[in-house]
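Asks: One structure, as structure tokens, below. Some questions next.
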Amino acid sequence: MKDSEAIELIRAAVDRPGGTWADLGAGDGTFTRALMKLLGPTARIYAVDRDARALQRLRRSATPVAANLITVVADFLQPFELPGLGETRLDGMLLANALHFVPDADLALARFAAWLRPGGRIVLVEYDRRRASRWVPYPIAPARLQELAASAGFSTPIITATRASAYGGDLYVAVADRLER
């Protein structure tokens, strides 16, 4: 996917500039660069991936606004720290083509909710109408996402965009906000 396509895909879900966000499972950074474009130069973005080489490629491809880009080599399914975050909570979190690798998505979403401030946003890019495969071992249909979000303390997810996937099924973007508890 081209950066311009990623920007258009998540544009409606990332509707306010600035803030502190994390892109979990950032890979080479297609969606991280989209976040950078949509959030603007005042945003701080953590790109988290277990592949150090992918994060190096992201760093090289990032624009001058990358001064507020912090790359973190970590497996987002294991405990890790975001340098400089301290007690501050995230304003937003993006998981683009990442949650479908998690066998216990309900536990993961509950853990991710703790990183977000009340009202903080989670943006998911996932597959619908796709069979499980080695590339998408645990597809998450929108109906299943509603169940997962409710049990993790998020608002009902709203689908903000869809597009046919070159690999079968459809990609969808869903957004949900962390509820106060």
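Asks: So which residues in segment 116-142 are out of contact with any helix residue (DSSP H, G or I) (no Cβ under 7 Å at 6 or more places or on another chain), over 20 Å from A34 (Cβ atoms) and either buried (at least 19 other Cβ atoms within 10 Å of the Cβ) or among the basic types (K, R) (or both)?
Replies: Of everything in segment 116-142, those that are out of contact with any helix residue (DSSP H, G or I) (no Cβ under 7 Å at 6 or more places or on another chain), over 20 Å from A34 (Cβ atoms) and either buried (at least 19 other Cβ atoms within 10 Å of the Cβ) or among the basic types (K, R) (or both) turn out to be R117, R129, R130, R131, R134.
Asks: Condition test on F80, is it touching a Leu at 6+ places or on another chain (Cβ under 9 Å), surrounded by fewer than 22 Cβ atoms within 10 Å (Cβ to Cβ), at pLDDT below 90 and not acidic (D, E)? Break it down stepwise before answering.
Replies: Working: touching a Leu at 6+ places or on another chain (Cβ under 9 Å): no; surrounded by fewer than 22 Cβ atoms within 10 Å (Cβ to Cβ): yes; at pLDDT below 90: yes; not acidic (D, E): yes.
Criteria not met by F80.
Asks: Something else now. Please name all residue pairs, on different chains or six or more residues apart, with Cβ atoms under 7 Å, provided the first residue is in segment 93-105 and is under 20 Å from S165 (Cα atoms) and the second residue is outside any strand (DSSP E or B) and of a type in the set (D, E).
Replies: Correct list of pairs: empty, since none qualify.
Asks: Quick one: which residue in A150, A113 is part of a helix (DSSP H, G or I), more than 21 Å from T32 (Cα to Cα), at pLDDT 90 or above and not acidic (D, E)? Before you say what the answer is, go through the steps one by one.
Replies: Numbers: A113 fails: more than 21 Å from T32 (Cα to Cα).
After ruling out the rest, the residue left standing is A150.
Asks: Could we say that I140 is at pLDDT 90 or above and either hydrophobic (A, V, I, L, M, F, W, C) or under 17 Å from the mean Cα position of the chain (by Cα) (or both) here?
Replies: On the way: at pLDDT 90 or above: no; either hydrophobic (A, V, I, L, M, F, W, C) or under 17 Å from the mean Cα position of the chain (by Cα) (or both): yes.
Taking the combined requirement at face value, the residue does not satisfy it.
Asks: Please find, within segment 143-160, the residue that is nearest to A110 (Cα to Cα) out of those that are crowded, with 17+ Cβ neighbours inside 10 Å and under 16 Å from the mean Cα position of the chain (by Cα). Lay out the reasoning, then the answer.
Replies: In the first step, residues of segment 143-160 are kept if they are crowded, with 17+ Cβ neighbours inside 10 Å; the result is 145, 148-149, 152-154, 157, 160.
Add one more test, that the residue is under 16 Å from the mean Cα position of the chain (by Cα), and what stays is 145, 148-149, 152, 154, 157, 160.
Values: L145: 13, L148: 9, A149: 8, A152: 4, F154: 9, P157: 15, T160: 22 Å.
Looking at the filtered set, the residue picked out is A152.
Asks: When you check T88 against the structure, is it in contact (Cβ under 8 Å) with a residue 60 or more places away in the chain, surrounded by fewer than 15 Cβ atoms within 10 Å (Cβ to Cβ) and under 18 Å from G120 (Cα atoms), yes or no? Quick ask: steps written out before the conclusion?
Replies: Values: in contact (Cβ under 8 Å) with a residue 60 or more places away in the chain: yes; surrounded by fewer than 15 Cβ atoms within 10 Å (Cβ to Cβ): yes; under 18 Å from G120 (Cα atoms): yes.
Answer is yes for this residue.
Asks: So how many residues does segment 150-181 have that are in contact with a Phe, Trp or Tyr (Cβ under 8 Å, 6 or more places away or on another chain) and among the β-branched types (V, I, T)?
Replies: 2
Asks: Show me the helices (runs of 4 or more DSSP H) entirely contained within segment 1-81 in which 2 or more residues are out of contact with any Pro (no Cβ under 7 Å at 6 or more places or on another chain), touching a residue at least 60 places away in the same chain (Cβ under 8 Å) and under 23 Å from W135 (Cα atoms). Steps first, please.
Replies: Values: elements: 3-10, 30-39, 52-61.
Once the helices (runs of 4 or more DSSP H) in segment 1-81 are filtered for at least 2 residues that are out of contact with any Pro (no Cβ under 7 Å at 6 or more places or on another chain), touching a residue at least 60 places away in the same chain (Cβ under 8 Å) and under 23 Å from W135 (Cα atoms), what remains is 3-10, 30-39.
The values are calculated or read from the model by the stated rules, or taken from the named source; none is laboratory data. Keep in mind that this is a model prediction, so the values were computed, not measured. Methodologically, a virtual Cβ is constructed for each residue, glycine included, from the backbone with ideal geometry; neighbour enumeration extends over all protein chains shown.
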